[in-house]
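Below is one structure, written out as structure tokens; comments come after it.
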Amino acid sequence: MKLVQKSSRSKNRRVSKVRHRRQQHLLDVKVRSRRVTQHRIRRALGVLSRVVLVAGLCSAVYVGAREGARRLFFENSDYQVKQQLPQVDEVQVVRKLPGEIDIRVVERKPVAWITSNKEISDPFVSDAAFLVDARGVLMRQKKLLPEYLGLPLILGCSSESLEAGKVVESPEAKTALDLLRLSTRSFMQTRFQIREIDVSRSYCLLVTDKNHTRVTFGLNDLETQLQRLEQFLVYCDDSKQELETVNLIVQRNIPVTFATPPAAVINDTIDPLVEPRVLKAIPVHSAKTAAPPSKAHASSTPIAKVIPVKRQRKD
């Protein structure tokens with residue numbers, strides 16, 4: 001054991017002779033700071049150039065795709081389907097290999113007529129009336145269908161110009177569209193069917209339903225106002241009355257008027273009063289007093305006078 005330890009120690013000793021030192025392979029590390037700095041700068045510039053190159057390629061692809069889409073689709077008259085036909089809501093073009101193209105067109109569904117006039121007799125024949133969908137897109141149909149006749153009419157939208165393909169921006173018209181959307185609930189749809197909405201006043205909506213009931217709505221909090229109207233309609237159904245006017249802008253002490261029952265109007269027409277009314281005669285006095293009848297008779301009859309005739313004597 002002692003011999004082994006001595007041999008290991010002898011191998012680990014430092015060789016003092018120069019000849020033995022040269023025979024050993026030693027690592028000579030001599031690094032200059034300038035070379036290290038240059039090497040690091042080259043690596044950083046290489047990474048930066050790659051990043052700039054990738055970013056430039058991506059931006060070039062984006063700009064090229066955008067410009068190509070603008071020239072081929074947006075500014076190409078052959079692909080301007082939605083601008084030329086405002087009644088088209090969505091167009092989907094699907095290519096089916098090898099040589100088939102499937103085009104799917106979704107048409108806008110109008111919900112009302114809209115016009116800038118305060119009164120209009122027939123929107124079908126008027127050039128100032130447009131169809132409008134739930135999003136507020138205006139359109140003019142070349143072929144008018146019968147179901148468009150029963151659509152409600154929005155009157156007095158004079159705060160902006162109405163053109164086909166344009167979106168309505170006035171707050172009154174948007175509120176009217178929201179009211180039409182909210183009034184399609186189960187109870188309100190059957191009991192309160194809107195026929196006209198007057199938006200000429202900037203602070204309220206004057207709504208007329210199929211029963212000629214005039215309801216005034218505010219521009220804010222339509223759901224609460226519809227709830228009040230629903231309570232009034234339930235009360236009228238229970239009491240067998242018909243609403244004539246109601247102002248829902250007022251939150252308390254809401255002014256309401258009820259219409260005259262049709263039976264009372266019919267009874268007044270068929271069964272008049274039994275005793276006719278007696279009118280008092282008013283005497284009429286002439287300006288000139290008439291002459292007595294005797295004098296008038298005497299003056300009217302002429303009196304004949306006797307004329308004497310002289311006779312001649314005979315010889």
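So here's what we get for this one:
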item: For R195, residues with placed amide H under 5 Å, excluding near neighbours; result: T208, D209, K210
item: Global form of the stretch 42-198, assessed from the alpha-carbon gyration tensor, a/c cut-off 1.5; result: prolate
item: Listed residue pairs exceeding 22 Å between alpha carbons, taken from K109/K166; K109/K142; K118/K174; K96/K143; K109/K143; K118/K240; result: K96/K143; K118/K240
item: Gained length - V88 relative to V52, 0.36 nm times residue gap less alpha-carbon distance; result: 8.6 nm
item: ³J(HN,Hα) computed for each position of the stretch 130-142 - Karplus, 6.51 cos²θ - 1.76 cosθ + 1.60, integer Hz, glycine/proline x; result: 10, 8, 9, 9, 5, 8, x, 7, 7, 8, 10, 7, 6
item: Three-way shape call for the stretch 114-265 based on the alpha-carbon gyration tensor, with the a/c threshold at 1.5; result: prolate
item: In the stretch 136-229, the chymotrypsin sites (Phe, Trp or Tyr not before Pro) that fall in loop regions by DSSP, at most 16 other Cβ within 10 Å; result: Y203
item: Local electrostatic count, K109, Cβ distance below 13 Å [Lys/Arg +1, Asp/Glu -1]; result: -2
item: For peptides 224-232, 49-57, 112-120, sequence by mean Cβ density within 10 Å, most packed first; result: 112-120, 224-232, 49-57
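None of the figures in this text is laboratory data; all of them are computed from the coordinates on show. Nothing here was measured: the structure is a model prediction, and the numbers come from that model. All Cβ positions, glycine included, derive from the backbone under ideal geometry; neighbour counts span all protein chains shown.
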